1. For residue 148, work out the one condition from (1) away from the ligand (no atom under 16 Å from the Cβ); (2) closer than 30 Å to residue 134 by Cβ; (3) in contact with a helix residue (DSSP H, G or I) (Cβ under 6 Å, 6 or more places away or on another chain) it doesn't fulfil.
2. Condition (residue is away from the ligand (no atom under 15 Å from the Cβ), surrounded by fewer than 24 Cβ atoms within 10 Å (Cβ to Cβ), under 30 Å from residue 185 (Cα atoms) and modelled with pLDDT of 95 or more) applied to the stretch 281-292: is it met by at least one residue?
3. Right, residue 204: among the charged types (D, E, K, R) and more than 12 Å from the ligand (Cβ to nearest atom) or not?
4. Output yes when any residue across the stretch 28-43 is farther than 27 Å from residue 102 by Cα and either touching a Leu at 6+ places or on another chain (Cβ under 6 Å) or modelled with pLDDT of 95 or more (or both), and no when none is.
5. Among the residues that make up the stretch 344-351, is at least one of them touching a residue at least 40 places away in the same chain (Cβ under 8 Å) and either within 16 Å of the ligand (Cβ to nearest atom) or not in a loop (DSSP other than H, G, I, E, B) (or both)?
6. With respect to residue 433, is the statement that it is surrounded by fewer than 19 Cβ atoms within 10 Å (Cβ to Cβ) and not aliphatic (A, V, I, L, M) true?
7. Which ones in the stretch 300-318 are closer than 14 Å to residue 252 by Cβ, buried (at least 22 other Cβ atoms within 10 Å of the Cβ) and either polar (S, T, N, Q) or more than 16 Å from the ligand (Cβ to nearest atom) (or both)?
Amino acid sequence: MNQSKAAKTGFAPDFGDMNKEDFRRFGHEFVDWIANYFERIEELPVLAAIEPGDLKAQLPEAPPQHGESMDQILADMNQLIVPALTHWSHPSFFAYFATSTSAPGIFGELLAAAFDNKAMLWRTSPASTELEEVTLDWLRQMMGLDPGMIGIIYDTASVSSMHAIAAAREGVEQRIREEGMSGRPDLPLLRVYVSEHAHSSIEKAVITLGLGQRGLRKIPTDKDFRMNAKALADAIAEDKRDGYLPFCIVATVGTTSTSSIDPVAELVPIGEEHAMWLHVDAAYAGSAAVVPEFRHILDGCRRADSLVVNPHKWLFTPFDLSVLYCRHMDLLRRAFSLVPEYLRTPEQEKVRSGSDYGIQLGRRFRALKLWMVMRYFGHEGLAARIREHCRLARLFASWVDESDDWEILAPVPLALVCFRARPKNHGDLDALNEAIMHGVNSTGRALLSHTRLNDKLTLRLSVGNIRTSEKHVRQVWELLNQQLQSVK
Ligand code: PLP
């Protein structure tokens, strides 16, 4: 096919990429498509209304032999892909931790895809490297973290925490990088301490790092689901008596089930007494510290060794972008830097190269979208949105509190409400609440998720989407009450 035919039909030319006329035409069409998507998103079911395998059954088993037209691809996106989406950008998405993208973040992703930089060395992407350093220092200031905390971007909190624990392990000076852990009778059992409400990513990190599940000790929590500092101190003392090597405490600021906040200020002296690394998993709640009146959630964190926060959770930055702040970048570098001859550069001693600080070589230009989000909304704009989410959660919690049919099951420090239906004289409350949740979710008009607290099936309402307003919170409250009436 010649170039002019390709231009008319939207097919790929014989060689090279899409021609520039098509690129403009489809570029505009895709941006219009996204604008229309956001305009009509409330008409779409939040939870994909399909059965497992439905999409696969509609897709060809074999790859296309010849290029297909962009128009056809877009048509299939509408007909096949969109119905198979769960719409995280829907304002009535209240499940898990509600999160959302935003226009400046989308544009940042678009540009990053165009630049397609692999930010492994400073010279392969000076812009990415330096913008990352500056943007993360801005975020550090917004959150009120200590200037000694240096930021680095990874994809997810799971990966950020894994790197933090690897740096902590490097700090125990047991030559683990050089000699590994297996087959070493000289090595004591290394232990990491978390609360029983810590995210599963910490356990996965411990497994990944070869510490084994018995290398993780789960500490009980108090009635508000916060790590019990006394129980932590006792556990460490006991393990030391048994000859173990306690080396890392992971505190959570904003646990996944309830958003409870471990008493970090009480954990700091325990860590210091035993020369242990204190890592803070603030993946969800850390963003709230940009709101001046919520800064107290990071009390004690100024003395932590590392902290993870996910702008892709509550800072309106498209997935993925997680930030690890670390006070000991030298240890992180010692754990991961390996520079073969083909990556050696004349400036390497003077600059930061991202690949020295993790298992990945190539890294995406993620800082661009965060920089654009922070500039477009500004500190005040970001704080205002998070403050509003917290207000909406408190409002919802007040309705629950005032109703005889419902009860709150955990404190609401931020924008997550844990609650359940508890109508008088009803037997199996777990079954009732599960039915209510599935009932609401199957309407397609809102999405909730659940957890288990004190052995009670607990519904979770998380407010975190940039489009969510009071109207949506009122709607889901009505839906919940309708479901309660129909299933009780
Ligand atoms: N830590 C906490 C407290 C979380 O709530 C989550 C996810 O919700 C994670 C870590 C894992 O986040 P990611 O998906 O970025 O790995």
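1. (3)
2. No - not one qualifying residue is present in the stretch 281-292.
3. No: the conditions fail for residue 204.
4. No, there is no match, as no residue in the stretch 28-43 is farther than 27 Å from residue 102 by Cα and either touching a Leu at 6+ places or on another chain (Cβ under 6 Å) or modelled with pLDDT of 95 or more (or both).
5. No, the stretch 344-351 contains no residue that is touching a residue at least 40 places away in the same chain (Cβ under 8 Å) and either within 16 Å of the ligand (Cβ to nearest atom) or not in a loop (DSSP other than H, G, I, E, B) (or both).
6. no
7. The answer is 306, 310.
For every residue, the table says whether it meets (1) within 25 Å of residue 298 (Cβ to Cβ); (2) among the small types (Gly, Ala, Ser); (3) more than 16 Å from the ligand (Cβ to nearest atom).
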site: 175; (1), (2), (3): no, no, yes
site: 185; (1), (2), (3): no, no, yes
site: 194; (1), (2), (3): yes, no, no
site: 198; (1), (2), (3): yes, yes, no
site: 217; (1), (2), (3): yes, no, yes
site: 222; (1), (2), (3): yes, no, yes
site: 229; (1), (2), (3): yes, yes, yes
site: 233; (1), (2), (3): yes, yes, yes
site: 243; (1), (2), (3): no, yes, yes
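The values are calculated or read from the model by the stated rules, or taken from the named source; none is laboratory data. Just so it is clear, the model here is predicted, and its values are computed rather than measured. Because the Cβ atoms are built from the backbone with ideal geometry, glycine has one as well, and the counts that use them run over all protein chains shown.
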